[in-house]
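Worksheet: the structure to be examined is printed underneath.
The values are calculated or read from the model by the stated rules, or taken from the named source; none is laboratory data. Here the structure is a predicted model, which is why all the values come from computation and not from measurement. Please note: Cβ atoms are built from the backbone with ideal geometry, for glycine as well, and neighbour counts cover all protein chains shown.
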Amino acid sequence: MKLTTAFLAGLLSASTVIAAPGTAMRRKRADSARAGLLKAPKPFIAATNVTAVVHGPENKQVSYSNNWAGGVLEGSGWKTVTGTFTIPRVTVPSGGSSRTLYSASAWVGIDGYSCESAILQTGVDFSIQGGAVTYDAWYEWYPDYAYDFSGISFSAGDSVTVTVTASSTTGGVATIKNNSKGTSVSHTFSGENAGSLCQTDAEWIVEDFTQIENGEESLVPLVDFGTITFTGASASTNSGSKYGPSSADVIDLISANGETVLTDVTVGSSSVSVVYE
C-alpha cells in the first residue's frame, strides 16, 4: 500500500531529473485523507469483475487485484519477511507518452491483505518521465504514509535485499540493503498507534499505487518494469519457524475495467516472480 498523488507529473520536462516523485505523491495523498477530503484507501484492492482462473503448470488459483501483483503467504505470528531483487531498467509502456510520469513499487511487508488495520513494509519505487529514471527507497507503517530513506541510491542492475521484522503488533524494523553498492539503511518503528498488525500476511509485492490527480483518486500509470523476481524469499514466525512462498496466494494485476491482465506471477520454494505483460 502506498499513499500518493501525481503532484509532480505536470511539472517535469524531458530535460528535468526527477527528484523522488513518490515522496510528494505519497504525502499529498495522505494529507488529503487526513483532511477528510478522501477516505483512507484499502491497502489491497481486489478486482471484483474477474473470475479466478487456474494458473499454468503450478495449478494454482489466481486472485486478481487492481493494485497488487505477487505472492501473499497467510498464517499467524509472522515476524520477518525478506527477499532480494534486481533493480529493473524501467521503460515507458508500449503506446505511452514520454510526458507522463509512470511508476511502480516493489516491496515486502506484513499484513494489508486479509488484515487491513496496518502494514509494516519497505521497498523501492521506480519512476520514469521524459527519459529520466529515478529509484527511491521508502518505509511505511500504514495507515501513516511512507517516508523516503536517505543515504542510499540505486542503479539498474543493482541487487537489493528488503526486510521487515515485527518486534510487536505496534513496532518493528524496516531495512533495505544495496548489495551491489555495499550500503544499507533501516528504520525502527515503536508504539505505532495508527494501526496494529495482525501478523497474518507475509508479502512479496509489485504495486501500482494510488495517486491524487485533479482532486480525483486513481492508480498511477504503471511503468514497464520488465521482470522483478524476489529471490531468497522467506518468512519466519515468532516461534522461529521459517517458510518459503511456494504455498503463497498468487495475485496478478488487472486493469481497472477487468479486461486486461497486466502481470504474470509465479511462486517457487524461495522465489516470487512478477512479469510485466
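Working only within segment 224-262, note down all residues that are within 18 Å of the chain's Cα centre (by Cα), at pLDDT below 95 and among the polar types (S, T, N, Q). The answer is Ser255, and nothing else. If you go through segment 256-270 and keep only what is hydroxyl-bearing (Ser, Thr, Tyr) and assigned to a loop (DSSP other than H, G, I, E, B), you end up with Thr260, Ser269, Ser270. Close Cβ contacts (under 7 Å, 6 or more residues apart or on different chains) running from residues in segment 238-254 that are more than 30 Å from Thr48 (Cα to Cα) to residues that are surrounded by fewer than 18 Cβ atoms within 10 Å (Cβ to Cβ) and hydroxyl-bearing (Ser, Thr, Tyr) comprise Lys242/Ser236. Provide a single number: the residues in segment 70-103 that are of a type in the set (A, V, I, L, M), modelled with pLDDT of 95 or more and farther than 29 Å from Thr237 by Cβ. Total satisfying the criteria: 3. When Ala166, Ala174 are checked against the criterion of being of a type in the set (A, V, I, L, M) and more than 17 Å from the chain's Cα centre (by Cα), a single residue qualifies: Ala166. Kindly evaluate Tyr145 against the criterion of being in contact with a helix residue (DSSP H, G or I) (Cβ under 8 Å, 6 or more places away or on another chain), buried (at least 19 other Cβ atoms within 10 Å of the Cβ) and within 16 Å of Phe189 (Cβ to Cβ). The answer is yes for Tyr145. As a summary of the residue check, Gly95 satisfies the conditions (1) without any contact (Cβ under 8 Å) to a residue 60 or more places away in the chain; (2) under 26 Å from Gly268 (Cβ atoms); (3) not aliphatic (A, V, I, L, M) except for the one numbered (2).
Going by the conditions given, is Ala166 in contact with a Pro (Cβ under 8 Å, 6 or more places away or on another chain) and either farther than 21 Å from Ile87 by Cα or assigned to a loop (DSSP other than H, G, I, E, B) (or both)?
It is false that Ala166 is in contact with a Pro (Cβ under 8 Å, 6 or more places away or on another chain) and either farther than 21 Å from Ile87 by Cα or assigned to a loop (DSSP other than H, G, I, E, B) (or both).
Looking across segment 155-176, the residues that are surrounded by fewer than 20 Cβ atoms within 10 Å (Cβ to Cβ), under 14 Å from Val124 (Cβ atoms) and of a type outside the set (Val, Ile, Thr) come down to Ser155, Ala156, Gly157, Asp158, Ser159.
Table: residues versus (1) under 26 Å from Thr134 (Cα atoms); (2) surrounded by 19 or more Cβ atoms within 10 Å (Cβ to Cβ).
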position	(1), (2)
Asn193	no, no
Leu197	no, yes
Val206	yes, yes
Ala235	no, yes
Gly240	no, no
Ile254	yes, yes
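With respect to the conditions (1) under 13 Å from Gln121 (Cα atoms); (2) touching a Gly at 6+ places or on another chain (Cβ under 6 Å), Ser190 falls short on a single one, namely (1).
Ala202 fulfils the conditions (1) modelled with pLDDT of 95 or more; (2) surrounded by fewer than 19 Cβ atoms within 10 Å (Cβ to Cβ) except for a single criterion, (2). State whether one or more residues within segment 146-155 are among the β-branched types (Val, Ile, Thr), assigned to a strand (DSSP E or B) and modelled with pLDDT of 95 or more. For segment 146-155, residues among the β-branched types (Val, Ile, Thr), assigned to a strand (DSSP E or B) and modelled with pLDDT of 95 or more: absent. Can you find, within segment 37-69, the residue that is surrounded by the fewest Cβ atoms within 10 Å (Cβ to Cβ) among those that are assigned to a strand (DSSP E or B) and at pLDDT below 70? Ranking the candidates gives Val54 first.
The condition of being over 14 Å from the mean Cα position of the chain (by Cα), more than 14 Å from Glu207 (Cβ to Cβ) and of a type in the set (A, V, I, L, M) holds for only one of Leu73, Leu120, that being Leu73. Here Ser127 passes the criteria (1) in contact (Cβ under 8 Å) with a residue 60 or more places away in the chain; (2) more than 15 Å from Ala202 (Cα to Cα); (3) surrounded by fewer than 22 Cβ atoms within 10 Å (Cβ to Cβ) except the one numbered (3). Within segment 202-213, one or more residues are farther than 20 Å from Thr82 by Cα, part of a strand (DSSP E or B) and out of contact with any helix residue (DSSP H, G or I) (no Cβ under 9 Å at 6 or more places or on another chain).
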